[in-house]
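The values are calculated or read from the model by the stated rules, or taken from the named source; none is laboratory data. No experiment lies behind these values; they were computed from the predicted model shown. Please note: Cβ atoms are built from the backbone with ideal geometry, for glycine as well, and neighbour counts cover all protein chains shown. We work out accessible area using only protein heavy atoms, side chains counted, and drop any ligands, DNA or RNA first. Shrake-Rupley method; radii C 1.70, N 1.55, O 1.52, S 1.80 Å.
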Amino acid sequence: MKSQEPLMLRHRLPIKTILLFAFLLIFSGLRSQISSTGKLFYMSFMEMEARTGGFPDSLLLYITSEKNTTVVLDNPRLGGSAQTINITAGVVNRRAVDPTFYYPVGSEFPSTDLNSRRGLRITAKDPVNVYCMNLEQNRSDGTFVMPYEAIPRAPQFYVAAYTPTQRSGGSGPYMPSQAVIIAMDNATVEITPSVRTKLGKPAGVPFTVSMVRGQVYQLQSNDADGSTSNGQSLTGDLTGTRIRVINGCGKINVFCGMK
């Protein structure tokens, strides 16, 4: 896996930067090293508190490659959405994408909801590395993206997030702990939340979601739950939530953190 150091050096982040926590991928029988380099990626940005309007300032992709190549950006559920961009070898190629189209808003939305189209597919002619960032005033959330090739069939993820500590407007609901699932194949996904969810799914009780390729499902903690005054409570923290594919061998990708 290539270092993210060039990205950090070339794009200075605000002091109050919040990074997305890397998810933990668990599976058996791995016989080779996991690589972050590949030709096919599925991803989604996560909802975040936007201080300058309804959307973050920018949704950004950073793509690196060892050779000059091209990538196609598209929404796998919407024909005609493909855009081809050139990638220059040896540098960080920065690309902004439309926040009104690729930014999910809301929790546990169904497959018929417009938000289910917020997934982004990246198809490269040659191997590349992909990073993404939500860029907003006084905060930035970023992560690298695992390629389709590196994720096993029927994967299992455990969420690593954080306890909600901030309230909307200073006194409103808590900004939730959250995770976003994007289906790389048609898949039945089982979710066992570690805390109650925004729409009332109880902690510790598995539930399933049927997903089609490119569909997005955003899970959030209940916005009434968060830290106590001393900041020690774990109420509202989705850390430990298990997300896995069942009844098949489809692939999913998961991103997690907090709003």
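Filter region 151-182 for residues that are in a strand (DSSP E or B) and more than 13 Å from the chain's Cα centre (by Cα); which is surrounded by the fewest Cβ atoms within 10 Å (Cβ to Cβ)?
Checking each candidate, the answer is ARG167.
Sort out for me the strands (runs of 3 or more DSSP E) sitting completely within region 52-99 that have 3 or more residues that are at positive phi and modelled with pLDDT of 95 or more.
Fully inside region 52-99 and qualifying: nothing.
When both residues are 6+ apart or on different chains and their Cβ atoms are under 6 Å apart, which pairs have a first residue that lies in region 124-149 and is within 16 Å of THR69 (Cβ to Cβ), and a second that is modelled with pLDDT of 80 or more and assigned to a loop (DSSP other than H, G, I, E, B)?
Between residues of region 124-149 that are within 16 Å of THR69 (Cβ to Cβ) and residues that are modelled with pLDDT of 80 or more and assigned to a loop (DSSP other than H, G, I, E, B), the close pairs are ASP126/LYS67; VAL128/SER65; ASN129/SER36.
Can you name the residue in region 88-114 that is in contact with a Gly (Cβ under 9 Å, 6 or more places away or on another chain) and either acidic (Asp, Glu) or within 29 Å of GLU66 (Cα to Cα) (or both) and, of all such residues, is least open to solvent (accessible area, probe 1.4 Å)?
My answer is TYR102.
State yes or no: is SER107 farther than 25 Å from ILE34 by Cβ, at pLDDT below 95, part of a loop (DSSP other than H, G, I, E, B) and within 18 Å of the chain's Cα centre (by Cα)?
For SER107, the condition - farther than 25 Å from ILE34 by Cβ, at pLDDT below 95, part of a loop (DSSP other than H, G, I, E, B) and within 18 Å of the chain's Cα centre (by Cα) - is met.
How many of the residues making up region 116-149 are part of a helix (DSSP H, G or I) and either in contact with an Asp or Glu (Cβ under 8 Å, 6 or more places away or on another chain) or open to solvent by less than 20 Å² (accessible area, probe 1.4 Å) (or both)?
Total satisfying the criteria: 1.
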